[in-house]
Amino acid sequence: GLVGVFLLKWAQKSKSPHRGLGKLFAWIVCGAGGLLVVGALVQVVTLGYLRSQHPPSGELIDVGGYRMHILAEGEGGPGPTVVWIPGAHEQGLALYHLHAAVRGEVRSVLFDRPGTGWSDPGGFPRRTATEARELARLLERSGEQGPFILVGHSYGGLLATNFARRHPEQTAAVVLLDASPPDAFIYAPVYGSGALAELARAADREGLAKVFGVWGLRGGAMAEPDSGLEELLQRRDSLLADVGEAMSANRRRAATSFAAASIFREFGAGEVTETAPDLVVYDGELGDLPVYVVIPDESAAGIVEPLGLGEAAAARAANFLDRARVRYLDVSSDARLIHTPSGTGHNFPYEVPEFVVELVLGVVAEVGG
């Protein structure tokens, strides 16, 4: 880049005995800078092409200076509209298979959090409390009629309960699919804020690589390859085959990685004291709102096993997560516990999607009756 050009000119004028080395270094810097510029241009062109091949499947709605993507389908009946919220900081299409399975019977909504899918990046830092307010604006400005049944998987459950706390009049029920309570990120032995911090760093590295056209960089490797995880990913990809290319295209955006890194940091040691009061849903804060806490019957040992912990540390972490899983039973006086089919784990929405579909349609009938 410009630094390399400057160094090259300096080396040419210099009378130092090391002038040759200086010129070599300058050429290396120039070359590296040139590669970065070319990579960035390739990224821009590639994203433009992918966007033309995979336009938004729904609508882009202005939510205050930036747009969020929403896909709402199904005529619906007398029951409430279902809003799906994937885990991590994923795009809405991550639960497309469930949306597609119910849209023939109910009104069903997928949406992209800012920075994911087809949504604009929005403001930074990303925070769950902020995204709860953004979701409310999105639903209102898109013309969707509440109250809604919010279905959140894993980290998505945190957003679902935050929305319900802020907008009880717009919430008919909350279905938590092995949702992640704040306790799991703040206090969990080993598998706590430190793990999220590493995920954030890995996402930042991935985002920076994408800026310069490098795709597929990953960080934060597991202790050893996990065949069970590979099998699960293959099953997920099979379930989402109809939208797989669009999802892959959307993930090429650097904003996707930077947004994920930002949201993971809300539980960081330096930030949680500021974010927690606006993030945590305390015991009883959802009143008598119907809350369905859906968790696997098996221990959380399967979640911590790939982390490569020692036997004692793994047992302690699994015990903590097993007990943290039921914390959401205390947020409402009308919360109930439901176990998933035997042999399923944290990612049961991909292992037994038919179970989730039947459960959600049952909730629609129950609260809509």
**Asked** Using r as the Cβ-Cβ distance of GLU59 and ALA315, and R0 as 45 Å, what FRET efficiency do you calculate, to the nearest 0.05?
**Response** 0.40
**Message:** If each residue of separation counts as 0.36 nm, what is the full-extension length gain between GLU140 and ARG51 once their alpha-carbon separation is subtracted?
**Reply:** 29.4 nm
**Prompt:** What is the set of long-range amide H partners of THR171 at a cut-off below 5 Å, with H atoms built 1.01 Å from backbone N?
**Reply:** PHE148
**Prompt:** Ordered by residue, what ³J(HN,Hα) values in Hz, to whole numbers, does the range 125-131 give under the Karplus form 6.51 cos²θ - 1.76 cosθ + 1.60, where θ = phi - 60° and Gly and Pro are x?
**Reply:** x, 6, 9, 4, 4, 5, 6
**Residues with amide H under 5 Å from that of ARG67, placed H, sequence gap 5 or more** = ASP120
**Asked** What FRET efficiency do you get for ARG323 and ILE28 if R0 is 45 Å and r is their Cβ-Cβ distance, rounded to the nearest 0.05?
**Response** 0.25
**Fill in**
For the pair ASP334 and ASP183, the simple spin-label estimate (label points 7 Å beyond Cα toward Cβ) gives in nm 2.4
**Asked** With a ≥ b ≥ c the root eigenvalues of the C-alpha gyration tensor of the range 303-369, is it rounded (a/c under 1.5), prolate (a/b larger than b/c) or oblate?
**Response** oblate
**Message:** To make sure I understand, if each residue's beta carbon is the centre and we count other beta carbons within 10 Å, what order do LEU135, LEU199, LEU286 fall in, fewest to most?
**Reply:** LEU199, LEU286, LEU135
**Asked** Measuring from label point to label point, each 7 Å out along Cα→Cβ, what is the ARG201 to ARG133 span in nm?
**Response** 3.2
**Asked** Charges only on Cβ, +1 for Lys and Arg, -1 for Asp and Glu: so what's the dipole of the range 59-368 about the Cα centre, in debye to the nearest 20?
**Response** 840
**Asked** What is the order of TRP84, TRP118, fewest Cβ neighbours within 10 Å to most?
**Response** TRP118, TRP84
**Message:** I'd like the Kirkwood hydrodynamic radius of the range 59-368, using the inverse of the mean 1/r over distinct C-alpha pairs, in Å.
**Reply:** 19.6
**Chain lengthening between PHE124 and GLU305 when straightened (0.36 nm per residue, less Cα-Cα)** = 61.8 nm
**Asked** Using the beta-carbon distance between GLU271 and GLU75 and R0 = 56 Å, what value does 1/(1 + (r/R0)^6) give for FRET efficiency, to the nearest 0.05?
**Response** 0.80
**Fill in**
Under 12 Å by backbone N from the virtual spin label 7 Å along Cα-to-Cβ at SER238, the residues of the range 339-367 are 351-352
**Item:** Two-site label geometry, GLU358 and ARG166: point separation in nm, points 7 Å out along Cα→Cβ
**Value:** 3.6
**Item:** Amide H within-cut-off set for HIS153, under 5 Å, with H built and near neighbours excluded
**Value:** ILE85, GLY87, LEU177
**Prompt:** Semi-axes of the equivalent ellipsoid of the range 59-122: what are they in whole Å, largest first, if each equals the square root of 5 times a C-alpha gyration tensor eigenvalue?
**Reply:** 22, 13, 8
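Quick note: the coordinates plus some simple rules give every number you see, no bench work behind them. The model shown is predicted, which means the values in this text are computed figures rather than measured ones. Neighbour counts run over all protein chains shown; Cβ positions are idealised from the backbone, glycine included.
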